[in-house]
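The values are calculated or read from the model by the stated rules, or taken from the named source; none is laboratory data. Everything numeric here is computed off the predicted structure, so don't read it as measured data. A quick note on method: Cβ atoms are made from the backbone with ideal geometry, for glycine too, and the neighbour counts reach across all protein chains shown. In case anyone asks, the SASA skips ligands and DNA or RNA and just uses the protein heavy atoms, side chains included. Shrake-Rupley method; radii C 1.70, N 1.55, O 1.52, S 1.80 Å.
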Amino acid sequence: MKISLLRIQAIVIKELLQLRRDRMTFGMVIMIPLVQLLLFAFAINTNVRDIPVGVVDHSQTSLSRVLQQTVAATGIVKFTHSYYSVKEAQAAIDSSEVRAVLIIPQDVSQRLVRHPSVGFGLPPSSKQETSRPIAQWLVDGSDTVIAGSIKSLRNMPLTELLDKPANRNTATFEVTLLYNPEQRSVVNIVPGLVAVILTMTMIMFTSAAIVREQERGNMEMLITTPLSSLELMIGKIFPYIFIGAIQVCIILGLGYWLFDVPFNGGFAQLVLATLLFICASLVLGLVISTIAKNQLQSMQMTIFILLPSILLSGFMFPYEGMPLPAQYIAEALPATHFIRLIRGVVLRDVAVIEMSFDMLWLIAFTCFGLLVSALRFKKTLD
């Protein structure tokens, strides 16, 4: 059988004409690389700046305030909260209100004057007796990038504070890493991986739910049933909740047995956080399914959502390192809120209610998505 170039040309022309008529697919061809390139090149930044931190100032002196200003001048951290006790500060770290807390002791002025990094000229015996750090950092060590950035302040010179030469062999700050003192990346990755895999599978399952019925010719049967649009949407997502629960058990179970990832939270808290996220992801897929005209379009739109969910949610790159516009986009993604919830529950033993903003946001997203998908779905063949 001879290959005919004319027949091949006819097929090529037919495919190009079909692509031109399919405005959704043609738009995705242009928009996916354009938007993703501009968004990620602008948003992804491994040099974390302005990390939100708190302070417990037991000294309450002008010197302690100058010390805070000197630390903030590095640009690595930004003091956003002040606490009265270490217990209150640690609770703020648990709930992700701040990522670290600087604890300034009451005798900071004596420590600062006698510290070897600024105490040249003191007798040797005096240096040996008082070579304690100036202050202490409590850091959320579950995020290794954040922890590494805070640890870079450990030997921070204070020459600008007292106009003395620095001795880099002595630590200026003591750094205590909570939840992941060994700074193992897998401890941070495994809980986040739950969000990524659930996003990928849950949205994919339901994004083709409506168009699949149309392509299989089942829409006529659905039209004749007494089901309302909202009942149909709820029925579409319910079976996949159990699939999502199985995936979570597999990921966290293997993470615990193979990689020794700790599970510090309560099982009920994990179930609640996971259920909220699964419902939000399934509803997002339903909204896509009511927009797409065929399964190819639903797959393209799923990919369009999946990439930002991986890169902007805090799974790979710290949320604090993104510019404000990228953070606003990340806040619109269910994965961003679930990653905070599951890392809080699994690694820090935080109750979901203590992270009420993320919990309420997922609930509101689910309700709004169900309403939108129900309103967009019409029981007609048009």
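Observations, loosely collected:
- Inter-label distance, nm, simple model (7 Å from Cα along the C-beta direction), residue 324/residue 230: 3.8 nm
- Taking 0.36 nm per residue of separation and subtracting the Cα-Cα distance, full extension of the segment from residue 34 to residue 256 would add 76.0 nm.
- Extension gain, residue 174 to residue 72: 0.36 nm times the residue separation minus the Cα-Cα distance gives 35.0 nm.
- FRET efficiency, 1/(1 + (r/R0)^6) with R0 30 Å, evaluated for residue 304 and residue 14 via beta carbons: 0.70
- Extension gain, residue 264 to residue 360, is 32.3 nm, computed as 0.36 nm per intervening residue step minus the present C-alpha separation.
- When 257, 137 are compared by accessible surface with a 1.4 Å probe, the order from highest to lowest is 257, 137.
- In this view, the solvent-accessible surface of residue 277, computed with a 1.4 Å probe and all protein chains in place, comes to about 0 Å².
- Global form of the range 236-382, assessed from the alpha-carbon gyration tensor, a/c cut-off 1.5: prolate
- Summing charges over neighbours of residue 348, with a neighbour being any other residue whose Cβ is under 15 Å away from its Cβ, gives -3 when K and R count +1 and D and E count -1.
- Rolling a 1.4 Å probe across all protein chains gives residue 8 an accessible area of roughly 90 Å².
- Other residues whose C-beta falls under 15 angstrom from the C-beta of residue 99 contribute a net charge of 0, scoring Lys and Arg +1 and Asp and Glu -1.
- Simple spin-label estimate for residue 84 and residue 271 in nanometres, 7 Å along Cα-Cβ: 3.8 nm
- Other residues within the sphere of radius under 15 Å centred on the Cβ of residue 366, judged by their own Cβ, net out at 0 (K and R +1, D and E -1).
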